[in-house]
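Notes for the one structure printed next.
The values are calculated or read from the model by the stated rules, or taken from the named source; none is laboratory data. Just so we're clear, the structure is a prediction, and the values are computed from it rather than from any experiment. No Cβ is skipped: glycine too gets one built from the backbone with ideal geometry, and neighbour counts run over all protein chains shown.
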């Protein structure tokens, strides 16, 4: 990452701007290359990244050259910009970002806006067949909404998050996320409140498929390695039985179902995706940091980490729901937790407490993170102080005691997940067992 992008990255959240004016002017000045990009656009409170990953694997299995733009990254910035599962090469990333940097400064682009620019330019230059674009915050005024040639819009879920930006009601939040819907595009939505689905039907002239109304998944088997489900599309009278995925939990079944619906709609507009492609794509999908079960070995012992990017109350609720499905909550667990200041962390803590044996609160390298001392005070309302530990690094969190045969839960923020995975990647002591 070049030095100016590093400075912008340090202020990523603060520099976010909710207007398409400046990024529109930027693209106009370079000939509007974004108009040439065929896209699927995904918004939602939770599930965007996983749904995007499922779609990419299905299309890649079908022989297409597929671009993917997501955020945030966990370890390296190039994770955000991929083609066929391969991160943008660092020299290419640096070349594009340097080439357009003066113009980006001229138009005062934010960090996220400029990354969106770099991604789109790269995808157009590489002549991808289709780009899967995950929105940042919201949708209507998010930088990713600069894209115009959108064939399918997906709204994965709606719950209360980023309310200081998107509004305090589900209706307000839905309005912002529904802002990605383009004229003549198909629309797919996850399990949303009935009133919101009805308002989307009006907006889309009935070109909408809703989970729980038109599409459904029926879960059959789940263990620590995979789950199986049936996909049913009542609207198109389609059923695919016994689909297998390594992505675990009810929410991932819903995300996979949205991606299957997307594949079938693409067939209606000229793409060629077979049932085999769908099965292979769903089976091969892996999205790092989303209910990752990581087996760890040290010099003295073995233990499991279950790492999840659940960063709001909705995500935390379903994280523990999946643990219950897997029979992993027969006893209380050690939990490593960090969270951002803009989250409803008091509600998240209430969900966590019934399953917590001990709480470990690390300092992480993000100015938006809640101070562990504040979290300790909140946790102490429910659990003894000697069961709550503040530590100064992920290394210290994993070193503070012998975790022999333990299952340790890590959740609360994708930034926490990124620091954990980065530490494990370079650790000489904590070895990941495949």
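Of the residues 108, 98, 171, which single one is modelled with pLDDT of 90 or more and either part of a helix (DSSP H, G or I) or under 30 Å from residue 217 (Cβ atoms) (or both)?
When all the criteria are applied, what remains is 98.
Identify all residues within segment 184-213 that are without any contact (Cβ under 8 Å) to a residue 24 or more places away in the chain, more than 22 Å from the chain's Cα centre (by Cα) and within 29 Å of residue 284 (Cβ to Cβ); write none if there are none.
208, 213
Residues checked against (1) within 22 Å of residue 60 (Cβ to Cβ); (2) out of contact with any strand residue (DSSP E or B) (no Cβ under 9 Å at 6 or more places or on another chain); (3) surrounded by 14 or more Cβ atoms within 10 Å (Cβ to Cβ); (4) at pLDDT below 95:
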| residue | (1), (2), (3), (4) |
| --- | --- |
| 216 | no, no, yes, no |
| 240 | yes, no, yes, no |
| 253 | yes, no, yes, no |
| 256 | yes, no, yes, no |
| 261 | yes, no, yes, no |
| 265 | yes, no, yes, no |
| 277 | yes, yes, yes, no |
| 280 | yes, yes, yes, no |
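Just to check your reading of the model, which residue among 75, 40 is modelled with pLDDT under 95 and either at negative phi or not in a strand (DSSP E or B) (or both)? Break it down into steps so the answer makes sense when it comes.
Details: 40 fails: modelled with pLDDT under 95.
Every option except 75 fails the conditions.
Residues are listed down the side, and each one gets a yes or a no for (1) touching a helix residue (DSSP H, G or I) at 6+ places or on another chain (Cβ under 7 Å); (2) under 15 Å from residue 118 (Cα atoms); (3) surrounded by 15 or more Cβ atoms within 10 Å (Cβ to Cβ):
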site	(1), (2), (3)
26	yes, yes, yes
51	yes, no, yes
70	yes, yes, yes
94	no, yes, yes
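Residue by residue, here is whether (1) out of contact with any strand residue (DSSP E or B) (no Cβ under 6 Å at 6 or more places or on another chain); (2) without any contact (Cβ under 8 Å) to a residue 60 or more places away in the chain holds:
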| site | (1), (2) |
| --- | --- |
| 297 | no, no |
| 303 | no, no |
| 316 | yes, no |
| 322 | yes, no |
| 326 | yes, no |
| 329 | yes, yes |
| 350 | yes, yes |
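In this structure, does residue 346 turn out to be farther than 27 Å from residue 300 by Cα and more than 24 Å from the chain's Cα centre (by Cα)? Lay out the reasoning, then the answer.
Values: farther than 27 Å from residue 300 by Cα: yes; more than 24 Å from the chain's Cα centre (by Cα): no.
Criteria not met by residue 346.
Identify the residue in segment 78-92 that is in contact (Cβ under 8 Å) with a residue 12 or more places away in the chain and either at negative phi or not assigned by TED's automatic domain parsing to the domain that holds residue 127 (or both) and, among all such residues, is surrounded by the most Cβ atoms within 10 Å (Cβ to Cβ). Let's see the steps before the verdict.
Narrowing segment 78-92 to residues in contact (Cβ under 8 Å) with a residue 12 or more places away in the chain: 78, 80-85, 88, 90, 92.
From what's left, either at negative phi or not assigned by TED's automatic domain parsing to the domain that holds residue 127 (or both): 78, 80-83, 88, 90, 92.
Numbers: 78: 17, 80: 22, 81: 26, 82: 22, 83: 18, 88: 23, 90: 12, 92: 16.
Among those residues, the one meeting the criterion is 81.
Inside segment 54-72, can you point out the residues that are part of a helix (DSSP H, G or I) and over 12 Å from residue 133 (Cα atoms)?
54, 57, 58, 59, 60, 61, listed by residue number.
If we scan segment 373-390, do we find a residue that is surrounded by fewer than 19 Cβ atoms within 10 Å (Cβ to Cβ), in contact with a strand residue (DSSP E or B) (Cβ under 7 Å, 6 or more places away or on another chain) and modelled with pLDDT under 95?
no
Sort out which residues of segment 126-165 are out of contact with any helix residue (DSSP H, G or I) (no Cβ under 8 Å at 6 or more places or on another chain) and modelled with pLDDT of 95 or more, and write them in order of number.
126, 127, 128
Residues being surrounded by 15 or more Cβ atoms within 10 Å (Cβ to Cβ) and more than 30 Å from residue 136 (Cα to Cα): count how many of those fall in segment 409-429.
Result for segment 409-429: 1.
Against the conditions (1) part of a helix (DSSP H, G or I); (2) in contact with a strand residue (DSSP E or B) (Cβ under 7 Å, 6 or more places away or on another chain), where does residue 425 fall short? Just the number, please.
Of everything listed in (1) part of a helix (DSSP H, G or I); (2) in contact with a strand residue (DSSP E or B) (Cβ under 7 Å, 6 or more places away or on another chain), residue 425 misses just condition (2).
Which of the residues spanning segment 330-341 are in a loop (DSSP other than H, G, I, E, B) and surrounded by 17 or more Cβ atoms within 10 Å (Cβ to Cβ)?
Once the filter is applied, which keeps residues that are in a loop (DSSP other than H, G, I, E, B) and surrounded by 17 or more Cβ atoms within 10 Å (Cβ to Cβ), segment 330-341 yields 338, 339.
What are the residues in segment 294-305 that are part of a strand (DSSP E or B) and surrounded by fewer than 16 Cβ atoms within 10 Å (Cβ to Cβ), if any?
295, 297, 302
Taking into account only those residues within segment 357-379 that are under 21 Å from residue 414 (Cβ atoms) and assigned to a strand (DSSP E or B), which is nearest to the chain's Cα centre (by Cα)?
The qualifying residue nearest to the chain's Cα centre (by Cα) is 369.
Yes/no matrix, rows are residues, columns are (1) outside any strand (DSSP E or B); (2) touching a helix residue (DSSP H, G or I) at 6+ places or on another chain (Cβ under 8 Å):
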position: 201; (1), (2): yes, no
position: 206; (1), (2): yes, no
position: 218; (1), (2): no, no
position: 229; (1), (2): no, yes
position: 232; (1), (2): no, no
position: 244; (1), (2): no, yes
position: 252; (1), (2): yes, yes
position: 255; (1), (2): yes, yes
position: 261; (1), (2): yes, no
